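These notes are about the structure you will find just below.
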Amino acid sequence: MDDEALLRHSRHVLLEEYGFDGQQRVEASHALVIGAGGLGSPVCLYLAAAGVGHLTLVDDDTVDLTNLQRQIAHTTARVGQSKVASAAEAMRAIDPGVRLTLHALRADAALLSELVGAADVVIDCCDNFATRHAVNAACVAHGKPLVAGAAIRFDGQLSVYDLRDPASPCYACVFPPDAAFEETRCAVMGVFAPVVGTIGTLQAHEALKLLAGITPSLAGQLLMFDGRRTAFDSLQVARDPHCSVCAQRPGA
């Protein structure tokens, strides 16, 4: 770490739980971010600002005027631009030296199989169940920790699924792929902008803890945010021994 980097990240280095060693771990790490929208915006900005060594960003969408109410990595001037390129511009404005790999593609199973194995942590900021389950399946296959968040209307939720802990559930243990969930989208139901910022910021929080080696994580807990009451609730979630995705993993 050179003098400029030490100065840039000095407030993290000063933290006893983080320190110089934590910063070095973060700078040597690779984070994969799926989605560059409302959740992905604060994730990208905070991880770039924290000095994560390599950030890979996946999103096939372009910036739309309706995004700007909540997707803070994007600007009016970048409407029509791919979200990954727009987010990259925002990240480089914070740290010109950030190393980025951009994929303006849909995160399908084939792409995820390639990318997840190379990452140290995966942050799922997408907006649909099919992609969430594809991301989870790839994380299970490669044994990589997953930080998954979601937000709609005034409600948000967050958890860490870390299969390095034999007791930790995977995403499918908590939200089975064959269960009947009502899938809602911002375009139809709306979303209170600070809710996605709150959940996305907490995703960055958990991802950085994992990368820096700060414990404990949210693994085994589902954190729920009620934006109307500005209140958090937490549920304990357990591994499903009959999970169709992770039950056959080694050590399960």
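The values are calculated or read from the model by the stated rules, or taken from the named source; none is laboratory data. None of these values were measured; they are calculated from a predicted model. Here the Cβ positions follow ideal geometry from the backbone for every residue, glycine too, while neighbour counts run over all protein chains shown.
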- prompt: Is the range 108-125 home to any residue that is free of Cβ contacts under 8 Å to residues at least 24 places away in the same chain and either in contact with a Lys or Arg (Cβ under 6 Å, 6 or more places away or on another chain) or not acidic (D, E) (or both)?
  reply: yes
- request: Would you tally the residues in the range 85-135 being touching a strand residue (DSSP E or B) at 6+ places or on another chain (Cβ under 8 Å) and within 13 Å of V43 (Cβ to Cβ)?
  value: 8
- prompt: Any idea which residue in the range 56-66 is nearest to H103 (Cα to Cα), counting only those that are without any contact (Cβ under 8 Å) to a residue 40 or more places away in the chain and touching a Ser or Thr at 6+ places or on another chain (Cβ under 9 Å)?
  reply: D61
task: Return yes when A49 is modelled with pLDDT of 95 or more, within 29 Å of R25 (Cα to Cα), not in a helix (DSSP H, G or I) and not β-branched (V, I, T) and no when it is not.
output: no
- line: In the range 225-248, residues that are touching a residue at least 24 places away in the same chain (Cβ under 8 Å) and exposed (fewer than 15 other Cβ atoms within 10 Å of the Cβ) total 4
task: For D165, work out the one condition from (1) touching a residue at least 60 places away in the same chain (Cβ under 8 Å); (2) of a type outside the set (S, T, Y); (3) surrounded by fewer than 17 Cβ atoms within 10 Å (Cβ to Cβ); (4) closer than 30 Å to V13 by Cβ it doesn't fulfil.
output: (1)
task: Inspect the range 239-252 for any residue being assigned to a helix (DSSP H, G or I) and either at pLDDT below 95 or touching a Cys at 6+ places or on another chain (Cβ under 7 Å) (or both) and give the result as yes or no.
output: no
statement: In the set L100, L111, the lone residue that is part of a strand (DSSP E or B) and either surrounded by fewer than 24 Cβ atoms within 10 Å (Cβ to Cβ) or charged (D, E, K, R) (or both) is L100
message: Can you confirm whether Y161 is at pLDDT 95 or above, at negative phi and in contact with a Pro (Cβ under 7 Å, 6 or more places away or on another chain)?
response: yes
message: Quick check on my filter: what residues within the range 134-159 are small (G, A, S), surrounded by 24 or more Cβ atoms within 10 Å (Cβ to Cβ) and under 13 Å from the mean Cα position of the chain (by Cα)?
response: A148, G149, A151, S159
message: Any residue that is in a helix (DSSP H, G or I), β-branched (V, I, T) and at pLDDT below 95 - is there at least one of those in the range 188-197?
response: yes
message: Given the criterion small (G, A, S) and under 24 Å from N136 (Cα atoms), identify the matching residue among A31, A5.
response: A31
message: Which residue is farthest from T198 (Cα to Cα), if the candidates are limited to the range 132-181 and must be basic (K, R) and in a loop (DSSP other than H, G, I, E, B)?
response: R164
message: Being assigned to a loop (DSSP other than H, G, I, E, B), closer than 22 Å to T215 by Cα and either of a type in the set (D, E) or in contact (Cβ under 8 Å) with a residue 24 or more places away in the chain (or both) is the filter here; which residues of the range 1-45 pass it?
response: H9, E16, E17, Y18, A28, S29
statement: Scanning the range 70-91 residue by residue, those without any contact (Cβ under 8 Å) to a residue 40 or more places away in the chain and not in a loop (DSSP other than H, G, I, E, B) turn out to be T76, A77, R78, S82, A85, A88, E89
